[in-house]
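Quick notes on the structure that follows.
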Amino acid sequence: MSPYRRTIAVVMFSQVFSGAGLAAGVTVGSLLAAEMLGTTSLSGLPSVLFTVGSAGAALGVGRLSQRLGRRAGLTAGYVAGALGSAGVVLAAVLGSVSLLLPALLIYGAGSATNLQARYAGADLAEPRRRGSAVSSVLVATTFGAVAGPNLVAVTGRIASGWGIPALAGPFALAAVAYALAAVVIFALLRPDPLTSALAAAEASAPADEPPTGGPGVVAGVATMVLTQIVMVAVMTMTPVHMQAHGHGLSATGLVIAVHIAAMFLPSPLTGYLVDRVGRTPVAIAAGVTLLAAGLVSATAPEGSVALLTVALALLGLGWNLGLVSGTAMITDAVPQRSRAKTQGAADLGIALSGAAAGLGSGVLMAATSYAALSIVGGLLALAVIPFVAAAGRRQPDPAATTGGRWSSRP
């Protein structure tokens, strides 16, 4: 098996576990906070905390990966995620808000690492296959991420049987899942894909390097930041909205499971489109899809789980289109010698914008309504279009480029 194929296989295997860890905070984080804090106006706080933690971890994992390789960076990130998850469980048992807040912050490292893993898939990929490489890693997340929300009720009952608050059950699952992901990466990610790619780049002629920085980085970051803001804002408040209108944890888990499936399951098709049609058209499609999600969620009757499911599926799909196209743009625009640091910095911006969206979503919904939040998010997503359109005119797209200039040895 080639180093490229081995890397993809190992990272995909680890993503199955990390996806389950990621789903815990998404599904019940806001509910646990509302229960422990005694107010829904701060129910977006968990999203803020683990997104801020994700921001710091994104930068740290990126820098550590640049220095020591993807194996070291990803392993450290997953270990931190496992420790944070265990801390949330302990905080729930003790009823300690002062412990809950830092634990949620550390828990965010797992989320950051889950997303950073997509770059490992692209390290050894040819430029015209980067979308597909990223999508292969993302789709593996689906298995754990979809199973996680559907295990909310089960893990809650198990936790209750052990004298642990039911809403802490998914975080116990997350602790185990992130620990397993760390073991897989540490034991099996050899040879290190980033180290191998750096060695190959140093041995190559300078002409093999893609153009550096510029509009590709700006467009890639803008695409991922805007889609992250919209996705986090609406997704964070959906469980709170459903609970307020009498829906139980099982219904909430189903809606979030479909949402997370839509975030990752379409990845093979998205990767194919990014590589064949181009980065720019797919990024524009992300903005349009998120607008559709906002309109559906805003107009859905309060008792309609079916329409909320459709809206959250569109929300996940729009995020997927933006993430894969934006990742490819950034990877195209930055040479190997500084790629991991730049990728980490980009994910830092994405995470910070998500933190702001998580906090703002709770305040906005408390002041207005879930429908207003959804419409504002959908309209904001359209801001992707001018960024990527401008970049598309100034930088060549590997999907439409042929010749040795963009060639790379996997």
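The values are calculated or read from the model by the stated rules, or taken from the named source; none is laboratory data. These numbers come from a predicted model, not from an experiment. Note: ideal-geometry Cβ built from the backbone for every residue, glycine included; neighbour counts use all protein chains shown.
Which ones in the stretch 145-155 are among the hydrophobic types (A, V, I, L, M, F, W, C) and under 19 Å from the mean Cα position of the chain (by Cα)? Residues satisfying the conditions are Ala145, Val146, Ala147. Are any of the residues in the stretch 97-110 buried (at least 24 other Cβ atoms within 10 Å of the Cβ), within 16 Å of Ile185 (Cβ to Cβ), in contact (Cβ under 8 Å) with a residue 12 or more places away in the chain and hydroxyl-bearing (Ser, Thr, Tyr)? Within the stretch 97-110 (the criterion being buried (at least 24 other Cβ atoms within 10 Å of the Cβ), within 16 Å of Ile185 (Cβ to Cβ), in contact (Cβ under 8 Å) with a residue 12 or more places away in the chain and hydroxyl-bearing (Ser, Thr, Tyr)), the answer is no, since none of the residues qualifies.
Which residue is surrounded by the most Cβ atoms within 10 Å (Cβ to Cβ), if the candidates are limited to the stretch 270-305 and must be outside any helix (DSSP H, G or I) and touching a residue at least 24 places away in the same chain (Cβ under 8 Å)? Walk me through how you get there before you give the answer.
Of all residues in the stretch 270-305, those outside any helix (DSSP H, G or I) come to 277-278, 300-304.
The next check asks that each one be touching a residue at least 24 places away in the same chain (Cβ under 8 Å); those that pass are 277-278, 302-303.
On the way: Val277: 16, Gly278: 21, Glu302: 13, Gly303: 12.
In this case the residue turns out to be Gly278.
Within the stretch 243-254, if we keep just the residues that are crowded, with 16+ Cβ neighbours inside 10 Å and touching a residue at least 60 places away in the same chain (Cβ under 8 Å), the residue that is nearest to Met365 (Cα to Cα) turns out to be Gln243. Val324 passes every criterion in (1) touching a Ser or Thr at 6+ places or on another chain (Cβ under 7 Å); (2) surrounded by 20 or more Cβ atoms within 10 Å (Cβ to Cβ); (3) at pLDDT below 90 apart from (3).
With respect to being surrounded by 24 or more Cβ atoms within 10 Å (Cβ to Cβ), small (Gly, Ala, Ser) and out of contact with any strand residue (DSSP E or B) (no Cβ under 8 Å at 6 or more places or on another chain), Ser54 fits the description. Restricting attention to the stretch 338-396, the residues that are modelled with pLDDT of 85 or more, surrounded by fewer than 16 Cβ atoms within 10 Å (Cβ to Cβ) and among the polar types (S, T, N, Q) add up to 2. Pairing residues of the stretch 222-241 that are farther than 16 Å from Ala313 by Cα and in contact (Cβ under 8 Å) with a residue 40 or more places away in the chain with residues that are polar (S, T, N, Q) and outside any helix (DSSP H, G or I), at Cβ distances under 8 Å and at least 6 apart in sequence or on separate chains, gives Val240/Thr40; Val240/Ser43. Being in contact with a helix residue (DSSP H, G or I) (Cβ under 7 Å, 6 or more places away or on another chain), crowded, with 23+ Cβ neighbours inside 10 Å and assigned to a helix (DSSP H, G or I): is that true of Ala313 here? Taking the combined requirement at face value, the residue does not satisfy it.
Test Leu379 against the criterion of being over 17 Å from the mean Cα position of the chain (by Cα), of a type in the set (A, V, I, L, M) and either under 26 Å from Ala257 (Cβ atoms) or in a helix (DSSP H, G or I) (or both), and give yes or no. I'd like the intermediate steps shown before the answer.
On the way: over 17 Å from the mean Cα position of the chain (by Cα): yes; of a type in the set (A, V, I, L, M): yes; either under 26 Å from Ala257 (Cβ atoms) or in a helix (DSSP H, G or I) (or both): yes.
Yes; evaluated as a whole, the condition is true for this residue.
Pairing residues of the stretch 322-348 that are under 14 Å from Leu64 (Cα atoms) with residues that are crowded, with 24+ Cβ neighbours inside 10 Å and charged (D, E, K, R), at Cβ distances under 9 Å and at least 6 apart in sequence or on separate chains, gives Arg339/Asp123; Ala340/Arg70; Ala340/Asp123.
Summed over the stretch 156-178, the residues that are buried (at least 20 other Cβ atoms within 10 Å of the Cβ) and either modelled with pLDDT of 90 or more or under 23 Å from the mean Cα position of the chain (by Cα) (or both) give a count of 11.
Take the stretch 21-44 and flag every residue that is under 19 Å from Ala86 (Cβ atoms) and modelled with pLDDT under 75. Scanning the stretch 21-44 gives Ala23, Ala24, Gly25, Val26, Thr27. Exactly one residue out of Ser47, Ser14 is closer than 22 Å to Pro170 by Cα, at pLDDT 75 or above, within 18 Å of the chain's Cα centre (by Cα) and not β-branched (Val, Ile, Thr), and it is Ser14.
When Ala125, Ala76, Ala112 are screened for being of a type in the set (A, V, I, L, M, F, W, C) and at pLDDT 90 or above, only Ala76 passes.
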